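This report refers to the structure that appears directly beneath it.
Every read-out reported here was derived from the displayed coordinates using simple, explicitly stated rules and does not represent laboratory data. All of these numbers come straight from a predicted model, not from anything done at the bench. Every residue, glycine among them, receives a Cβ derived from its backbone with ideal geometry; neighbour counts consider all protein chains shown.
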Amino acid sequence: MVDYTYQFGMSSFHVLDHFIVSGTLFDKAVQSVSVLHEVDNLSDHDPLLVELAVDFSKVSEAATMGRLFSKRLAWHKATDDHIAHYQAHLHTLLQDVNLPYGALFCRDVTCADPEHLNALNTYVSQLTNACVEASYENIPCTENRASSGHLPGWNSDVKPLRDKSLFWHHIWA
């Protein structure tokens, strides 16, 4: 039970701090939610505790398989040529999208027609899918750093400090 997470001068009490989880995670894994009120806490915010029931056998399986790589678009790497190809591909894909005229020209501002709702949802889905497909076909993506062996910023930021540290370590030892 959460009574409050923030107090102002012990005179005003509010629930300001939150955990955000998906509905599925909340239903399947959240065991309890509570607040830790301790007298030695110098902050006006009290820690919010969420107890989760997690199947660690599945977590350890994923950890032994290595870090999963998720390819993402790298728009900052896109050249004018990439963008031109993306635009042409998107233009072609959008020609196959059907406009839901009935739903788009409906004048009922409180329209609850399931056919209109379904047509609009399908339309939005087709637009989104066209954009995503054209993007992944034409725009450069991030690389799996684990396979490249390179860490961004290592040579420019970390390596000089490492070299200096090793130098002083050798002098000391």
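For a quick check: with amide H placed at 1.01 Å from N, whose amide H comes under 5 Å from L52's, ignoring anything fewer than 5 positions away on the same chain?
Excluding prolines and chain starts, which carry no amide H, the hits are Q31.
Using DSSP H assignments, which helices in the chain have an axial alpha-carbon span of 27 Å or above and a mean Kyte-Doolittle hydropathy of 1.0 or higher? Could you put the intermediate results ahead of the total?
On the way: long enough: 114-138 (36 Å, -0.43).
Flagged H segments: there are none.
Looking at the P(r) of the stretch 6-54, how many percent of alpha-carbon pairs lie beyond 16 Å? Write down the numbers at each step before the final one.
On the way: 559 of 1176 pairs.
The proportion of pairs with Cα distances above 16 Å equals 48 percent.
Quick one: if you stick a label point 7 Å off each Cα along the C-beta vector at K28 and F105, how many nm between them?
About 4.6 nm separates the two model spin labels.
Taking the Cα centroid of the stretch 5-55 and of the stretch 154-173, what is the distance between the two, rounded to the nearest whole Å?
42 Å
Just from its helices, what would the mean residue ellipticity at 222 nm be for the chain, if runs of 4 or more DSSP H residues each count -39500 (n - 2.57) and the sum is divided by every residue, rounded to the nearest 500 deg cm²/dmol?
Values: 7 runs with 78 residues, N = 173.
That comes out to -13500 deg cm²/dmol.
Report the label-to-label distance for L161 and V124 in nanometres (one decimal), using points 7 Å from each Cα along the Cα→Cβ vector.
Placing both labels 7 Å along Cα→Cβ, they lie 4.5 nm apart.
What is the spread of the Cα atoms of the stretch 75-138 along each of their three principal axes, largest first, in whole Å?
45, 20, 15
For the chain, what is the charge dipole size about the Cα centre, in debye to the nearest 20, if Lys and Arg each add +1 at the Cβ and Asp and Glu each add -1 at the Cβ?
Numbers: 11 positive and 21 negative charges, 170 e Å.
Computed charge dipole of the chain: roughly 820 debye.
Could you list F26, F105 so that the one with the fewest beta carbons within 10 Å of its beta carbon is first and the one with the most is last? Write down the numbers at each step before the final one.
Numbers: F26 14, F105 8.
If I rank by nearby Cβ atoms, fewest first, I get F105, F26.
With springs connecting C-alpha atoms under 10 Å apart, model the chain as a Gaussian network and identify which of Y101, Y123, Y136 has the largest mean-square fluctuation.
Y101
With unit charges on the beta carbon (Lys/Arg positive, Asp/Glu negative), name the residue among T92, Q126, I20 whose Cα is farthest towards the positive pole of the charge dipole of the chain.
T92
Would you look at the GNM of the chain, springs on alpha carbons closer than 10 Å, and say which of D163, D55, D80 moves the most?
The residue that fluctuates most here is D163.
Taking Rg and Dmax of the Cα atoms in Å as the quantity of interest, determine which of (1) 15.9, 46; (2) 26.8, 82; (3) 29.4, 114 was computed from the displayed structure.
Answer by label: (2).
To the nearest 20 debye, what is the magnitude of the charge dipole of the stretch 75-138 about its Cα centre, counting +1 on the Cβ of each Lys and Arg and -1 on the Cβ of each Asp and Glu? Could you put the intermediate results ahead of the total?
Numbers: 2 positive and 8 negative charges, 25 e Å.
It works out to roughly 120 debye.
Which is the longest run of the chain containing none of the GluC sites (Glu not before Pro) found in DSSP loop states (not H, G, I, E, B) with at most 14 other C-beta atoms within 10 Å?
On the way: sites that count: E38, E143.
Longest run free of exposed loop sites: 39-142.
In the chain, with Lys and Arg counted as +1 and Asp and Glu as -1 at Cβ, which of these residues, V30, W172, Y4, has the Cα nearest the positive end of the dipole, that is, farthest along it?
Going by the Cα projections, it comes out as W172.
Calculated FRET efficiency, D96 and H76, Cβ-Cβ r, R0 22 Å, to nearest 0.05? Before the final figure, lay out each step's value.
Details: r = 30 Å, r/R0 = 1.34.
Step by step, r from the Cβ atoms, then E = 0.15.
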